[in-house]
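**Student:** If you scroll down you'll find the structure; I have some questions about it.
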Amino acid sequence: MNKDLLRYANDHNHVYFVTAQGLSANPDGIHLNAVSQRKFGVRYYYAYKNKKNVITPLKNEEKLLESCINIPYTQNEMKYLAMMDLTMGKCSYEEFITKMKNL
């Protein structure tokens, strides 16, 4: 199957093959676990950014993955999270107002 997918990618513009080598499944044995989904996403990003297939796992995959995960929230994201805390009853209105003023 991988040979056919790679051939298809090579025969079509703007189509890239990305390997699933080294990725792990959930206990169901079918779907990728969360960490593997993220690694797969990094591989796809790399493939489309560089316009080339990813035949083997990326050498700096762990570093790329870490840089994607450890990104600070934007101000808008923090406002959204504060609003969610208020609507879910995790903070009082006064606490919400204080959070918003500190943003």
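The values are calculated or read from the model by the stated rules, or taken from the named source; none is laboratory data. If you're wondering where the values come from, they're calculated on a predicted model, not measured in any experiment. All Cβ positions, glycine included, derive from the backbone under ideal geometry; neighbour counts span all protein chains shown. Heavy atoms of the whole protein, side chains included, go into the accessibility calculation; ligands, DNA and RNA do not. Shrake-Rupley method; radii C 1.70, N 1.55, O 1.52, S 1.80 Å.
**Student:** The conditions are (1) open to solvent by 60 Å² or more (accessible area, probe 1.4 Å); (2) at pLDDT 95 or above; (3) closer than 30 Å to N102 by Cα, and R7 fails exactly one of them. Which is it?
**Tutor:** (3)
**Student:** Across the stretch 42-57, what is the number of residues that are farther than 21 Å from M1 by Cβ and open to solvent by less than 90 Å² (accessible area, probe 1.4 Å)?
**Tutor:** 3
**Student:** A follow-up question, please. Scanning for something out of contact with any helix residue (DSSP H, G or I) (no Cβ under 9 Å at 6 or more places or on another chain), part of a loop (DSSP other than H, G, I, E, B) and within 30 Å of N102 (Cβ to Cβ), does the stretch 38-57 turn up at least one residue?
**Tutor:** Scanning the stretch 38-57, I find no residue that is out of contact with any helix residue (DSSP H, G or I) (no Cβ under 9 Å at 6 or more places or on another chain), part of a loop (DSSP other than H, G, I, E, B) and within 30 Å of N102 (Cβ to Cβ), so the answer is no.
**Student:** Right, something else. Looking at the stretch 58-67, which of its residues are in a helix (DSSP H, G or I) and either open to solvent by less than 90 Å² (accessible area, probe 1.4 Å) or of a type in the set (F, W, Y) (or both)?
**Tutor:** Listed by number, the residues that qualify are E61, L64, L65, S67.
**Student:** Among the residues of the stretch 20-37, write down those that are on the phi < 0 side of the Ramachandran plot, open to solvent by less than 90 Å² (accessible area, probe 1.4 Å) and either in a helix (DSSP H, G or I) or out of contact with any Phe, Trp or Tyr (no Cβ under 9 Å at 6 or more places or on another chain) (or both).
**Tutor:** Hits for the stretch 20-37 are S24, A25, N26, D28, N33, A34, V35, S36.
**Student:** I'd like to verify a number: residues in the stretch 78-96 that are touching a helix residue (DSSP H, G or I) at 6+ places or on another chain (Cβ under 6 Å) and part of a helix (DSSP H, G or I), how many? Talk me through it step by step, then tell me what you get.
**Tutor:** The initial filter retains those residues of the stretch 78-96 that are touching a helix residue (DSSP H, G or I) at 6+ places or on another chain (Cβ under 6 Å), namely 82, 86, 91, 96.
Next, only the ones that are part of a helix (DSSP H, G or I) stay: 82, 86, 96.
Counting residues in the stretch 78-96 that are touching a helix residue (DSSP H, G or I) at 6+ places or on another chain (Cβ under 6 Å) and part of a helix (DSSP H, G or I) gives 3.
**Student:** Evaluate the following for E77: is it charged (D, E, K, R) and either under 16 Å from G22 (Cα atoms) or modelled with pLDDT under 95 (or both)?
**Tutor:** Considered against the rule, which asks whether it is charged (D, E, K, R) and either under 16 Å from G22 (Cα atoms) or modelled with pLDDT under 95 (or both), E77 comes out as yes.
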